[in-house]
1. Starting from the range 88-111, take each residue that is among the polar types (S, T, N, Q) and list its partners that are at pLDDT below 90 and not in a helix (DSSP H, G or I), counting only C-beta distances under 7 angstrom and pairs at least six apart or across chains.
2. Quick one: G101 ticks every box in (1) at pLDDT below 90; (2) surrounded by 15 or more Cβ atoms within 10 Å (Cβ to Cβ); (3) of a type outside the set (V, I, T) bar one, so which box is it?
3. For D59, are the conditions met, namely being over 14 Å from L40 (Cα atoms), among the charged types (D, E, K, R) and under 14 Å from the mean Cα position of the chain (by Cα)?
4. Enumerate the pairs (first residue in the range 42-65 and at positive phi; second residue anywhere and part of a helix (DSSP H, G or I)) with beta-carbon separation below 7 Å, excluding pairs fewer than 6 apart on the same chain, so at least 6 apart or on different chains.
Amino acid sequence: MTRKHILVVDDDAALRSVLTMRLEYNGHTVEAAETGLDALNRLAYADSVHADYDVVLLDYMMPGITGLMVLNHMHLRYPDVPVVMMTGHAGGQIADQALAGGARVCLTKPFDSVELEQALCSCDGIAA
């Protein structure tokens, strides 16, 4: 698998930290955002300096601007950046919404390293 520039977006500080460390250990370059607004700002900045993300790991349920809102914005503004949606809610409805909104994969928390890497591999060749 190719090394990626990844944006991790989750309001849970502990999970953000664990994901960042795990991904960096696997050789990826990682940035983290706590809120949907922070994610949108980082995406806009990355776009402005031509340092686009290869994939965004995006939490579904966040206060304020939700993951689904970020996903909808990304689908319009950054359609070539694949999204892996993460949710703590088991069940098909959230996954269906995420996939219909343009997410490449929807992971149910907790997920392991193998599931995470498989999700990232599914995004290979998607980013411009």
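The values are calculated or read from the model by the stated rules, or taken from the named source; none is laboratory data. Note that the coordinates shown come from a computational prediction; the quantities given were computed from them, not determined experimentally. Note that each Cβ is placed from the backbone with ideal geometry, even for glycine, and that neighbours are counted across all protein chains shown.
1. Once the first residue is among the polar types (S, T, N, Q) and sits in the range 88-111, its partners that are at pLDDT below 90 and not in a helix (DSSP H, G or I) give T108/A90.
2. Of the numbered conditions (1) at pLDDT below 90; (2) surrounded by 15 or more Cβ atoms within 10 Å (Cβ to Cβ); (3) of a type outside the set (V, I, T), the odd one out for G101 is (1).
3. When the stated conditions are applied, D59 does not pass them.
4. So the pair list comes out as G64/G36; G64/L37.
Per-residue answers, yes or no, for (1) of a type in the set (F, W, Y); (2) part of a loop (DSSP other than H, G, I, E, B):
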{"residue": "G27", "(1), (2)": "no, yes"}
{"residue": "Y53", "(1), (2)": "yes, yes"}
{"residue": "V56", "(1), (2)": "no, no"}
{"residue": "L71", "(1), (2)": "no, no"}
{"residue": "D80", "(1), (2)": "no, yes"}
{"residue": "M86", "(1), (2)": "no, no"}
